[in-house]
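S.K.: Dumping the structure here so I can ask a few things about it.
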Amino acid sequence: MITFLTNTWAQLELPQSESGITELDMGCGKGKFTLALARRYPERLILGNDVMLGRLRRLDRKVERGGLTNMRLLRASSLEMIAFQLPPRCIDRIHLLCPDPWPKDKHEVKRLVCSDFLCRLRRVLKPGGILHMSTDHAPYFDAWLRFVGQLSWFERADGASDDVADIKTDFEELWLSQGKTVQHVNWRLVG
Ligand SMILES: C[S@@+](CC[C@H](N)C(=O)[O-])C[C@H]1O[C@@H](n2cnc3c(N)ncnc32)[C@H](O)[C@@H]1O
């Protein structure tokens, strides 16, 4: 099922998972990672959001065919979703995997990871919650290390996504097949 959050001020009510744990695959795309995560942890609620409806519809059909009852798809823009559409302190782990790097200097302002985004994340992550990020774009990765690393409310949490290190997203698979390197980093919300 796809829940539409675009053009709404409503706050989503999330179902309680068996374990009480909720994870979000932000900008899930075709959703290979989201599906694998939901299969690996049937007792957790797995959310995937994206703005591309066609991708979500195709993914939704796979969710139904696979009989996955612990996965919810959100047609939602990430910034708005974390600002007001998700309940506060509801997510245990956010996966932001291979977000668009906008490599040209003139497009840098379009990058998702900025101070506004990181402030809003504090609202939806549970205390101790994890932000897991990856990219093939070395300058974007270096910017994360500098930028997130200077924030007092995040600390490095190396190993916090080791349990899913074997699951590759569609884009990570593509970059790896082209001989590129995809770097991952994890942060824990501490304040
Ligand atoms: C480069 S793809 C990565 C997809 C997936 N995470 C992967 O690694 O295969 C980036 C995805 O983010 C989505 N996206 C871009 N901006 C977004 C936004 N503001 N809100 C939600 N999704 C967004 C795109 O539609 C696209 O599916």
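S.K.: Using a 1.4 Å probe, what is the accessible area per residue for the chain, in Å²?
M.R.: Using a 1.4 Å probe on heavy atoms only, each residue of the chain averages 50 Å².
S.K.: Evaluate the charge dipole of the chain about its Cα centre and quote only its size in Debye, nearest 20, assuming +1 on the Cβ of each Lys and Arg and -1 on the Cβ of each Asp and Glu.
M.R.: On the way: 28 positive and 24 negative charges, 85 e Å.
So the dipole magnitude of the chain works out to roughly 400 debye.
S.K.: Quick check on packing: order 75-82, 165-172 by the mean number of other C-beta atoms within 10 Å, highest mean leading.
M.R.: Going by the mean number of other Cβ atoms within 10 Å, highest first, we get 75-82, 165-172.
S.K.: Run the reach check for LYS106 against aspartates and glutamates, Cα to Cα strictly under 20 Å, same-chain hits fewer than 8 apart removed. What comes back?
M.R.: ASP116, ASP136, ASP142
S.K.: Continuing with the same structure: Which of the peptides 114-123, 85-94 is most tightly packed, and how do the rest follow, going by the mean number of other Cβ atoms within 10 Å of each residue?
M.R.: Descending mean neighbour count gives 85-94, 114-123.
S.K.: As a test, work out the antiparallel percent of DSSP beta bridges whose residues both lie in region 19-189, rounded to the nearest 5. Kindly include the intermediate steps, with their values, before the conclusion.
M.R.: Numbers: 9 of 29 bridges.
Here the antiparallel bridges make up roughly 30 percent for region 19-189.
S.K.: Using the basic label-point model (7 angstrom from Cα toward the beta carbon), what is the GLN150 to THR181 distance in nanometres?
M.R.: Distance between label points: 2.4 nm.
S.K.: Subtracting the Cα-Cα distance from 0.36 nm times the residue separation, let me have the gained length for ASP163 to LYS106 in nm, one decimal. Don't jump to the answer; show the numbers that get you there.
M.R.: Numbers: separation 57, 0.36 × 57 = 20.52 nm, distance 3.71 nm.
Fully extending the segment from ASP163 to LYS106 adds 16.8 nm.
S.K.: Under a straight-distance cross-link criterion of Cα-Cα below 17 Å, which lysines are reachable from LYS32, leaving out those fewer than 8 residues away in the same chain?
M.R.: Excluding near neighbours in sequence, the set is LYS62, LYS168.
S.K.: Same structure again: Please report Rg over Rh for region 19-189, where both radii come from the alpha carbon positions and Rh follows the Kirkwood definition.
M.R.: We get a ratio of 0.93 for region 19-189.
S.K.: For region 1-132, give the percent of accessible area contributed by carbon and sulfur heavy atoms, probe 1.4 Å, rounded to a whole number.
M.R.: Carbon and sulfur: 50 percent of the exposed surface of region 1-132.
S.K.: Hey, another quick one. Taking the Cβ of ALA36 as the centre, find all other residues whose Cβ is under 13 Å away and add up their charges (Lys, Arg: +1; Asp, Glu: -1).
M.R.: 0
S.K.: May I ask which residue of CYS98, GLY66, LEU125 lies farthest towards the positive end of the charge dipole of the chain, with charges of +1 (Lys, Arg) and -1 (Asp, Glu) on Cβ and the Cα centre as origin?
M.R.: My answer, from the dipole projection, is GLY66.
The values are calculated or read from the model by the stated rules, or taken from the named source; none is laboratory data. Predicted model, so just to flag it, every value in this text is computed and none were measured. Using ideal geometry, Cβ is built from the backbone for each residue, glycine included, and neighbour counts are taken over all protein chains shown. Ligands, DNA and RNA are excluded from the accessible area calculation, which covers all protein heavy atoms including side chains. Shrake-Rupley method; radii C 1.70, N 1.55, O 1.52, S 1.80 Å.
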